[in-house]
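Trainee: First the structure, which I've put down as structure tokens, then a few questions once you've had a look.
The values are calculated or read from the model by the stated rules, or taken from the named source; none is laboratory data. Because the structure is predicted, anything quoted here is derived from the model rather than measured. Please note: Cβ atoms are built from the backbone with ideal geometry, for glycine as well, and neighbour counts cover all protein chains shown.
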Amino acid sequence: MKKIWIDLDNSPHIPLFRPVIEELGRRNVECVVTARDYAQTKSLLEFWGIPFRLIGRHGGKNKIKKVLNLFDRASALRGYIKDKSVDLALSHGSRTQLVAAKFMGIKSVLMMDYEYTEAKIFNYFSSHILIPRYIPDSRLESANINTKKVLRYSGFKEELYLNDFSPEQGFRSQLGISDEKILVTVRPPAMEGNYHDSMSEKILLEILEKLTAADNVYTLIISRTARDRSFLEENFDGKIHFLERAVDGLQLIWNSDIFISGGGSMNRESALLGVPTYSFFTGRTPYLDEHLAREGRLTFIDTPEKIGLLDITKRDIPGSYIGGNTGLVDEVVDIVLSL
């Protein structure tokens, strides 16, 4: 039996790899799953019942601590994987897995969809880089991605799991939120991320000022860390609400009237589901987000002056959803197994 090692180091990777793990299982491939204790990664893995080994934490914002943590976690991963006889390492942007796999002589496949990341580690340590076909080679080359390692798949990574989405009736009531309220779900920026820009925090505060001043609005925050929660509580104590437990993120987005985020997968999930979506990400703009903006699915609020673009209105939430990119899971699994 073939064995693939999957490392999950952030919350969005759980829904991404869940259908991939299931399809690999159907093809008689065993998956060894490791995870980093960061954001909601652990609670989401438990929520979906995916067996995993928790190894390491986020290194924080300090660059020196990040580098030290990179090698510390890579060493811990090597210690756990060394007796597992895995054939391939697979992740979406896990630097620690790439380093560990390289030193162990394990071929690696790195999935990524944000071109303006730290390319040196990805270029040197990965065997292959799996990227959505929408991002042109010219953009990858301008971001110093080694296109000789690049493989392509036909869609957004979020479409790997959106096709299985089925709206759940009465979801809001489970959270104690009235259907009459304008539910605005907000995801703060990744304050400890490599690509974080403090301007996004300023924009977020002004957005929340607008939301908390509006009538009939229920503002729900999906905090990433204790740091962003305490930051917002200091400024809006009692005026905003926090998601207190792990839930199906797609159900939450679908049942929202508006989704606002400081960047990342949840923005693209929302845009692809057809929910009014606003991004206040102020780093270098991902090509995929530009693509969604050109299609009218996503609106950028990347300067304070654009906050006026935020339309706080209730939407008619459909009772069903039909995805459009069937076969994408099979395509990605075919690519992975071919390696």
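Here is a yes/no grid of residues against (1) free of Cβ contacts under 8 Å to residues at least 60 places away in the same chain; (2) surrounded by fewer than 16 Cβ atoms within 10 Å (Cβ to Cβ); (3) part of a strand (DSSP E or B); (4) out of contact with any Phe, Trp or Tyr (no Cβ under 9 Å at 6 or more places or on another chain):
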site	(1), (2), (3), (4)
ASN10	no, no, no, no
GLU23	no, no, no, yes
ARG36	no, no, yes, yes
SER43	no, yes, no, yes
PHE71	yes, yes, no, yes
LEU98	yes, no, no, no
LYS102	yes, no, no, no
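Trainee: Which residues, counting only those in region 231-243, are at pLDDT 90 or above and either closer than 18 Å to GLU269 by Cβ or in a helix (DSSP H, G or I) (or both)?
Mentor: Those that are at pLDDT 90 or above and either closer than 18 Å to GLU269 by Cβ or in a helix (DSSP H, G or I) (or both): LEU232, GLU233, GLU234, PHE236, LEU243.
Trainee: Okay, moving on. Can you name every residue in region 244-262 that is in a loop (DSSP other than H, G, I, E, B) and touching a strand residue (DSSP E or B) at 6+ places or on another chain (Cβ under 6 Å)? It would help to see each step written out before you state the result.
Mentor: Just the residues of region 244-262 that are in a loop (DSSP other than H, G, I, E, B), to begin with: 244-248, 255-257, 262.
Across region 244-262, the qualifying residues are SER256, ASP257.
Trainee: Turning to a different aspect of this structure: Pick from region 176-201 the residues that are charged (D, E, K, R) and within 21 Å of TYR116 (Cβ to Cβ): which of them is modelled with the highest pLDDT? Give the derivation first.
Mentor: To start, the set of residues in region 176-201 that are charged (D, E, K, R) comprises 179-181, 187, 192, 197, 201.
Checking which are within 21 Å of TYR116 (Cβ to Cβ) leaves us with 187, 192, 197, 201.
Details: ARG187: 95, GLU192: 56, ASP197: 66, GLU201: 90.
Residue satisfying both the conditions and the ranking: ARG187.
Trainee: I'd like to verify a number: residues in region 86-96 that are in a loop (DSSP other than H, G, I, E, B) and either exposed (fewer than 13 other Cβ atoms within 10 Å of the Cβ) or basic (Lys, Arg) (or both), how many? Reasoning before the result, please.
Mentor: Kept after step one, since they are in a loop (DSSP other than H, G, I, E, B), are these residues of region 86-96: 86-87, 93-94.
Restricting the remaining residues to those that are either exposed (fewer than 13 other Cβ atoms within 10 Å of the Cβ) or basic (Lys, Arg) (or both) gives none.
Summing the residues that are in a loop (DSSP other than H, G, I, E, B) and either exposed (fewer than 13 other Cβ atoms within 10 Å of the Cβ) or basic (Lys, Arg) (or both) in region 86-96 gives 0.
Trainee: Now for a different question. Please pick out the residue among VAL247, VAL275 that is β-branched (Val, Ile, Thr) and within 20 Å of LEU204 (Cα to Cα).
Mentor: On the way: VAL247 fails: within 20 Å of LEU204 (Cα to Cα).
Answer to the selection: VAL275.
Trainee: Within region 121-142, can you find the residues that are crowded, with 18+ Cβ neighbours inside 10 Å, out of contact with any strand residue (DSSP E or B) (no Cβ under 6 Å at 6 or more places or on another chain) and assigned to a loop (DSSP other than H, G, I, E, B)?
Mentor: The one that is crowded, with 18+ Cβ neighbours inside 10 Å, out of contact with any strand residue (DSSP E or B) (no Cβ under 6 Å at 6 or more places or on another chain) and assigned to a loop (DSSP other than H, G, I, E, B): ILE135.
Trainee: I would also like to ask the following. Is it the case that some residue within region 183-198 is in a helix (DSSP H, G or I) and out of contact with any Cys (no Cβ under 8 Å at 6 or more places or on another chain)? Talk me through it step by step, then tell me what you get.
Mentor: Narrowing region 183-198 to residues in a helix (DSSP H, G or I): none.
Within region 183-198 (the criterion being in a helix (DSSP H, G or I) and out of contact with any Cys (no Cβ under 8 Å at 6 or more places or on another chain)), the answer is no, since none of the residues qualifies.
Trainee: What are the residues in region 67-81 that are of a type in the set (Lys, Arg) and closer than 12 Å to ARG57 by Cβ, if any? Walk me through how you get there before you give the answer.
Mentor: Applying the first criterion (of a type in the set (Lys, Arg)) to region 67-81 yields 73, 78.
The answer is ARG73, and nothing else.
Let's see how each residue does on (1) under 21 Å from the mean Cα position of the chain (by Cα); (2) loosely packed, with under 14 Cβ neighbours inside 10 Å; (3) farther than 19 Å from MET266 by Cβ; (4) in the same structural domain as ALA143 (by TED's automatic domain parsing):
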position	(1), (2), (3), (4)
PHE281	yes, no, no, no
ASP289	yes, no, no, no
LEU292	yes, no, no, no
THR299	yes, no, no, no
ASP302	yes, no, no, no
LYS314	no, no, yes, no
SER320	no, yes, yes, no
VAL332	yes, no, yes, yes
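Trainee: Give region 202-224 a look and list any residue that's surrounded by fewer than 17 Cβ atoms within 10 Å (Cβ to Cβ) and either hydroxyl-bearing (Ser, Thr, Tyr) or on the phi > 0 side of the Ramachandran plot (or both), or say none. Before you say what the answer is, go through the steps one by one.
Mentor: Residues of region 202-224 surrounded by fewer than 17 Cβ atoms within 10 Å (Cβ to Cβ): 202, 205-206, 209-210, 212-216.
Of everything in region 202-224, those that are surrounded by fewer than 17 Cβ atoms within 10 Å (Cβ to Cβ) and either hydroxyl-bearing (Ser, Thr, Tyr) or on the phi > 0 side of the Ramachandran plot (or both) turn out to be THR212, ASN216.
Trainee: Conditions first: (1) over 21 Å from the mean Cα position of the chain (by Cα); (2) in a helix (DSSP H, G or I); (3) surrounded by fewer than 19 Cβ atoms within 10 Å (Cβ to Cβ). ASP179 passes all but one, so which condition is the exception?
Mentor: Answer for ASP179: the failing condition is (2).
Trainee: Still on this structure, I have one more. Suppose we keep only residues that are of a type in the set (Lys, Arg) and out of contact with any helix residue (DSSP H, G or I) (no Cβ under 8 Å at 6 or more places or on another chain) within region 23-52. Which one would you say is farthest from SER91 (Cα to Cα)? Quick ask: steps written out before the conclusion?
Mentor: Here is the first cut: in region 23-52, the ones of a type in the set (Lys, Arg) are 26-27, 36, 42.
Now narrow it down to the ones that are out of contact with any helix residue (DSSP H, G or I) (no Cβ under 8 Å at 6 or more places or on another chain): 26, 42.
Details: ARG26: 20, LYS42: 16 Å.
Residue satisfying both the conditions and the ranking: ARG26.
Trainee: When you scan region 43-72, how many residues do you find that are touching a strand residue (DSSP E or B) at 6+ places or on another chain (Cβ under 6 Å) and more than 19 Å from ILE4 (Cα to Cα)?
Mentor: Looking only at that region, the number is 2.
Trainee: Does at least one position in region 76-84 carry a residue that is in a loop (DSSP other than H, G, I, E, B) and closer than 30 Å to GLY155 by Cβ?
Mentor: Looking only at region 76-84, we keep the residues that are in a loop (DSSP other than H, G, I, E, B), and these are 82-84.
Next, from what is left, pick out any that are closer than 30 Å to GLY155 by Cβ: none.
Looking for residues that are in a loop (DSSP other than H, G, I, E, B) and closer than 30 Å to GLY155 by Cβ, one finds none in region 76-84, hence no.
Trainee: Within region 61-69, does at least one residue satisfy the condition of being crowded, with 18+ Cβ neighbours inside 10 Å and of a type outside the set (S, T, N, Q)? Even if it seems obvious, please write down each step before you answer.
Mentor: Filtering region 61-69 down to residues crowded, with 18+ Cβ neighbours inside 10 Å leaves 69.
Those still in the list that are of a type outside the set (S, T, N, Q) too: none.
Within region 61-69, none of the residues are crowded, with 18+ Cβ neighbours inside 10 Å and of a type outside the set (S, T, N, Q).
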